[in-house]
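> Here's a structure for you.
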Amino acid sequence: MYHFFKNIATKNFSRLRKRVLDFNHVMNSRNKVKALMRNIEVSKLSPNEIKEAKSFFKSRGYKLNHTEWHTFYKSMNGEFHKDYIPLGLFKTKISPKLNEKIQWPALLDKNIIYRIFKGFELPKRIVQNINGFYYINDQPVTFDEAVNEMCKNGNQLIIKPSIDSGGGKKVVAFEVIGNKTSHKNLSVEDLLKLYKKDFIVQEFLEQSETMRKLNPSSLNTLRVISYLNGNGVNILSTTARVGGLNSRTDNYSSGGILCGVDSNGKIKTKGYSKKGVALDQTFSGVKLIGFTVPNYNRVVDMVKSIHVRIPYFKLVSWDIAINKNNKPVLVEYNTYNQGLEVQIVTGPLFGKFTDEILAKALE
């Protein structure tokens with residue numbers, strides 16, 4: 001009898017905990033969109049548009065209480081779509097149902113991608129720290145050996161957390177001269193100690209000359225979103241992320257530009273900044289109209305090949321760079337904390353798969 005009531009109490013606690021987490025996700029989602037709209041000129045939805053959006057989701061089994069995200073996307077690109085996916089819905093229903101949450105903390109460690117995706121193009125790793133242990137090419141080494149390895153590779157390097165570096169958080173590009181780094185004049189030893197554990201040091205990727213033209217100071221990447229179903233891997237959308245002037249990162253949230261890419265690898269006519277400014281050229285003066293991503297077909301082939309290696313996740317956002325030989329390189333991938341701002345330039349997140357995905361998420 002004790003175990004019977006204990007099981008009931010455990011199930012009730014789990015349900016309550018999920019409701020609290022879902023409520024927090026929804027509130028955080030609303031707070032985020034309100035913050036985003038403070039910096040742009042807001043275009044309100046018409047009563048008919050509000051009704052259309054709510055009716056669309058109601059007919060799919062979801063009550064859309066608020067339409068702030070629809071308002072945000074319309075304000076950014078001037079287009080209303082009833083099937084824009086709000087962040088709260090994605091966090092509480094879609095992501096937990098399609099992606100195995102229990103798997104993501106381990107499998108998203110940037111150190112582990114060298115094992116999961118062995119055989120594919122990846123940034124050259126110099127030193128890795130996994131749970132406080134140092135490695136060079138999968139071989140355990142001492143702290144002093146890790147320092148010496150970095151000193152030998154004095155060209156441009158990047159250090160970043162291997163777990164949760166979204167938005168370019170704590171991603172630092174630097175050079176090593178002797179035993180000193182160009183980051184705040186820290187020694188190599190002090191830089192490594194600053195990151196403590198769970199990080200990776202990589203060689204700065206020399207990108208395609210074509211992609212470099214978009215913004216010379218940053219590694220300009222592609223965000224490819226793919227969906228795995230019974231028929232295989234489907235590409236939902238691709239966006240180009242271009243850094244701001246003199247910026248080291250390409251992040252839209254850090255002043256970069258977001259541009260849509262069509263199925264032929266051509267950048268669409270407009271890019272957008274975080275402030276909602278529509279741009280027809282990058283900050284370095286490169287016209288977006290007619291710009292073509294090199295070897296885009298190989299990017300698509302790569303994503304389709306690597307997604308099937310992690311079937312725990314049906315929805316994945318991949319960050320892909322193009323190297324100096326015009327080959328696609330996997331930089332990292334995202335499953336839980338996926339940015340939905342791509343809808344500004346791609347339209348509704350799931351396109352023709354919207355009904356299929358919502359049916360799975362809301363069953």
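Each reported figure results from applying straightforward, stated rules to the coordinates on display, with no laboratory input. All of these numbers come straight from a predicted model, not from anything done at the bench. For neighbour counting, all protein chains shown are included, and Cβ atoms are generated from backbone atoms with ideal geometry for every residue, glycine included.
> Among 59, 273, 292, whose Cα projects farthest towards the positive end of the dipole of the chain, with charges put on the beta-carbon of Lys, Arg (+1) and Asp, Glu (-1)?
59
> Next up: Once the piece of chain linking residue 35 and residue 131 is laid out straight, how much longer is it, given 0.36 nm per residue of separation minus the C-alpha distance between them?
Working: separation 96, 0.36 × 96 = 34.56 nm, distance 3.53 nm.
Separation in residues times 0.36 nm, less the Cα-Cα distance, equals 31.0 nm.
> Quick check: pseudo-label points 7 Å beyond the Cα along Cα→Cβ at residue 262 and residue 297, how many nm apart are they?
In this crude spin-label approximation the distance works out to 1.7 nm.
> Under the classification rounded if a/c is under 1.5, otherwise prolate if a/b is larger than b/c and oblate if not, where does the chain fall, given a ≥ b ≥ c as square roots of the Cα gyration tensor eigenvalues? Spell out each step's value before the answer.
Working: a/c = 1.83, a/b = 1.25, b/c = 1.46.
Here the chain falls in the oblate category.
> Of 354, 238, 181, how do they rank once you tally other Cβ atoms within 10 Å and put the fewest first?
Least crowded to most crowded, the residues run 354, 181, 238.
> Multiplying the sequence separation of residue 213 and residue 51 by 0.36 nm and subtracting their Cα-Cα distance, what value in nm do you get? Display every interim value, and only then the final one.
Numbers: separation 162, 0.36 × 162 = 58.32 nm, distance 4.43 nm.
Full extension of this stretch gives 53.9 nm more.
> Report ³J(HN,Hα) in whole Hz for each residue of the range 39-44, in order, from the Karplus equation J = 6.51 cos²θ - 1.76 cosθ + 1.60 where θ = phi - 60°; Gly and Pro get x.
9, 10, 7, 7, 9, 5
> Please rank 225, 50, 102, fewest neighbouring Cβ atoms within 10 Å first, as an exposure proxy. If you can, show how the numbers build up before the last one.
Values: 225 24, 50 18, 102 8.
In order of increasing Cβ crowding within 10 Å: 102, 50, 225.
> If packing is taken as the average count of other Cβ atoms within 10 Å, what order do 183-190, 154-161 fall into, highest mean first? Write down the numbers at each step before the final one.
Numbers: 183-190: 14.6, 154-161: 17.4.
Put in order of decreasing packing, that is 154-161, 183-190.
> Still on this structure, I have one more. Which length gain, in nm to one decimal place, applies between residue 185 and residue 79 when the Cα-Cα distance is subtracted from 0.36 nm times their residue separation?
33.4 nm
> State, as an integer percentage, the relative contact order of the chain based on alpha-carbon contacts under 8 Å between residues 6 or more apart. Before the final figure, lay out the partial values.
Details: 653 pairs, mean separation 62.6, N = 363.
Relative contact order of the chain: 17 percent.
> So, one more: Go through 29-39, 121-131, 59-69 and give me the packing order, highest mean Cβ count within 10 Å leading.
On the way: 29-39: 14.2, 121-131: 18.4, 59-69: 15.8.
In descending order of packing, they fall as 121-131, 59-69, 29-39.
> Work out the length of the dipole vector of the chain about its Cα centre, built from +1 on the beta-carbon of each Lys and Arg and -1 on the beta-carbon of each Asp and Glu, and round it to the nearest 20 debye.
Working: 55 positive and 32 negative charges, 258 e Å.
That gives a dipole near 1240 debye.
> What is the fewest-to-most order of 306, 40 by other Cβ atoms lying within 10 Å of their Cβ? List each step's numbers first, then the result.
Values: 306 21, 40 15.
Listing 306, 40 from fewest to most nearby Cβ atoms yields 40, 306.
> Apply the Karplus parameterisation 6.51 cos²θ - 1.76 cosθ + 1.60, with θ equal to phi minus 60°, to every residue of the range 326-338 and state each ³J(HN,Hα) to the nearest whole Hz, in sequence, with x for glycine and proline.
The phi angles translate into 6, 9, x, 10, 6, 8, 6, 9, 10, 10, 8, 8, 8 Hz.
> Using +1 at the C-beta of Lys and Arg and -1 at the C-beta of Asp and Glu, which of 176, 137, 163 has the Cα lying farthest in the positive direction of the dipole of the range 124-203?
The residue sitting most towards the positive pole is 163.
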